[in-house]
Each structure stands twice: as structure tokens, then as C-alpha cells.
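Written below as C-alpha cells is the structure these notes are about.
The values are calculated or read from the model by the stated rules, or taken from the named source; none is laboratory data. Worth saying up front: this structure is predicted, and the values here are computed from it rather than measured. No Cβ is skipped: glycine too gets one built from the backbone with ideal geometry, and neighbour counts run over all protein chains shown.
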Amino acid sequence: MQYTTEQYQQRIARQFEKFASLFNAGMHVLVVMHNFPDPDALASAAAFKYLAEELYKVKVSIGYGGNIGRAENKALLKRMKIFLKQISRIKFSKYERIVVVDTQPGAGNNLIDTRRRYHLVVDHHPLRRDTKADIVIVEPGIGVTSSIFVECLRLSGLPVPMYLATALVYAISAETQNMKREAHDFDVRSYLYIYQFVSVRQLSEIIHPKLPQTYFEALGRALNNAYIFRNLIYAPLNEVPNAEMVAEMCDFLLRRERIGWVLCTGKYKQNLYVSLRSSHKRANAGKIITKLVKNTRNVGGHEMSAGGFIPLPNNQKEYMTKLEEALAAQFGSLMGYESVVWKPLLDG
């Protein structure tokens, strides 16, 4: 359900007032993000850490799964000056409160055990049936989880550190592609409010980092392996240096003129990662990715963007080839085409 900006502010304010009841001074609190955290997850976790430590005098640790491979995300993390812990190395019993940001228990993009008790969940993805916590702030009508935390910062009256404002501004911009993708007026207002505290120099360094050789190799594979049919592009990237590269190349290929949909796949470790992008505002990308991956546990998404993964068997080369062929065929079918003839994007 969509609300006005004022209604979102009221909804968040009611829940934010309850935060104090969760925490006592000296508590150890764990914040859990999704695997391969993006700017929205990183900035949201950092914002909660700042709020909780300043307001409630608790000690906050941040956990995640996977790795951080995208150059922009590495630059963001460097400037946020926060330490992250791998979920696999965390002893959950050490923490008296567990908070989940930018994902939900039961979603396929995290290592969260749904049997565990969670105290706070803050997210902007559709509410899952198995999401339970003492306080739940899930607003799928908002484009960015970071926007929710900007509102919490505003309500708190705390001074906003420059590093945190810069991280939140970048997160809102990156997640909505500069307000082009799934941005609500609430996101725009959050962006404009927090921008007054940013470091423009640091923001520029995050947006324009130096890129590793592996990026250009992946870009070359994306262009050479991309196929086009009418308003569709499909690109199997083969092996990728990090899982985030699949979504990054998907965003890149969507910029090609007269293209409405892009599907990219890429192998990272023992999984085939699948990313879907659309330029249509009501594309139902999340529903389509579920039909492609065929496992609701391993997917997540919104109207214009979605992603998921498919576990690969040990003898994977032949299996992966057939799987990618099947995905390409089904992609065309789901887009309404009975017969799809893919041609190289760089024909000749």
C-alpha cells in the first residue's frame, strides 16, 4: 500500500518511539544485513549503529554474509569507518538483541535462521509471512531502507556525522538510480534533508572509484556474450569475480536504447546468480524472477529490479549451459514471445 510522505513519517515515528523499550545501556546488539550487502544495507546498518549507540548507550556489531566486491561499495565502506563481521564467525548467543536491516528472516539473500528471535526488522521489501519481531518496520512503498533511517535520524534530533550523511545520500541515489527507479516522494525528501550534511568530496570518491582489472574483464564478457531480441537483452557472464557483478552488468545493459528488459546470469562459487532489470515502472520483476528461479527462498525483488540464485551441482559445466539456455527461453516466453531468436548484441 502506498502512503503519502506525511503518512510515512507518522508511521515511522510511531515505531521509532518504541525503540527505547528494546534497549538497555550496556547491551550487546547485533545488526544483520543481507549477503553481499549493497549501499542501502551498509548505510542502514551504519545509521542504526550510530542511533543506538548514541541514544541507548549500547554496543553494536554488524554482520553479513558473502563479500563486498563492487568498487563503489568498497569505497563506501572505507569512508564509513565501521567494522563488519562475517556471519559464519558470529556467536549469536553473545548478543542480547538482534536487528535485521534491508532484508527479512526467511528471505533467500541472507543467512538468518528463521527459528531465532529477532527484536527489530527494518526493510523496504514486501513483507514476508514469516517475518516476526518485537518491532517491524517494513514499508515496500518506500524505495530505500536508508530513507527510513534518515527519518529516524531526523526524529532523534542527533547531529548527523558527515560520513553517515554521505553514506545515506549515496545509498538513496544508488538504490533509486538518482530517483529514476522506484523512488517515492518520501525518498526524495529524505535525500534532500540529509544532503545538507554530506562531504561532496567523499561522495565523489565513492561514486567514481578506481576500478580493478576484473571489472573490465567482466564488462568485456557481458558485451561479447550479450544477446538481443526486440526489447530484450540476455547476457550469460560465465564466471564473475563477485556476485554483485551480475546486477551491475544488468544495470549497465539496460541503458541500451529501446531495451525494456535485461536478464543476466553469472557463476560465483557454487551458485548461478540471476539478475533481472526493467525500465517499466510496474514490471513485477520480483514475480518474474520467482518464475525463473523456481524457488521463493532464493529470490527477492521489486517492480523494476530483482535477483536470485540457483545452487549448482558439482558436475556443473554441462548443467549450467543447459540451465542458462532454459532461462533464456523462459525469459522470452514470460515476456510474451512465443518464438525468440537471440542475436549477438555486438553483431559483427
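Residue pairs whose Cβ atoms lie under 6 Å apart, sitting 6 or more positions apart in sequence or on different chains, and linking a residue in region 189-200 that is surrounded by 17 or more Cβ atoms within 10 Å (Cβ to Cβ) to a partner that is outside any helix (DSSP H, G or I), are PHE197/VAL160. Out of region 124-135, which residues are over 14 Å from the mean Cα position of the chain (by Cα) and in contact (Cβ under 8 Å) with a residue 40 or more places away in the chain? Matches in region 124-135: ASP134, ILE135. Number of residues in region 194-251 that are over 29 Å from CYS152 (Cβ atoms) and of a type in the set (Gly, Ala, Ser) equals 6.
For region 3-23, the criterion of being surrounded by fewer than 17 Cβ atoms within 10 Å (Cβ to Cβ) and either among the aliphatic types (A, V, I, L, M) or farther than 24 Å from GLU139 by Cα (or both) is met by at least one residue.
Of the residues in region 245-259, at least one is under 17 Å from the mean Cα position of the chain (by Cα) and either under 16 Å from VAL293 (Cα atoms) or loosely packed, with under 14 Cβ neighbours inside 10 Å (or both).
Might you check whether a residue that is surrounded by fewer than 21 Cβ atoms within 10 Å (Cβ to Cβ), assigned by TED's automatic domain parsing to the domain that holds MET245, among the charged types (D, E, K, R) and under 23 Å from HIS124 (Cβ atoms) occurs anywhere in region 327-342? No. Restricting attention to region 52-71, report how many residues are outside any helix (DSSP H, G or I), out of contact with any strand residue (DSSP E or B) (no Cβ under 8 Å at 6 or more places or on another chain) and among the charged types (D, E, K, R). Number of matching residues: 2.
Within region 41-92, the set of residues being under 19 Å from TYR118 (Cα atoms), of a type in the set (Ser, Thr, Tyr) and modelled with pLDDT of 95 or more comprises SER44, TYR56, SER61, TYR64. Restricted to strands (runs of 3 or more DSSP E) entirely inside region 72-182, those with at least 2 residues that are surrounded by 24 or more Cβ atoms within 10 Å (Cβ to Cβ) are 97-101, 120-123.
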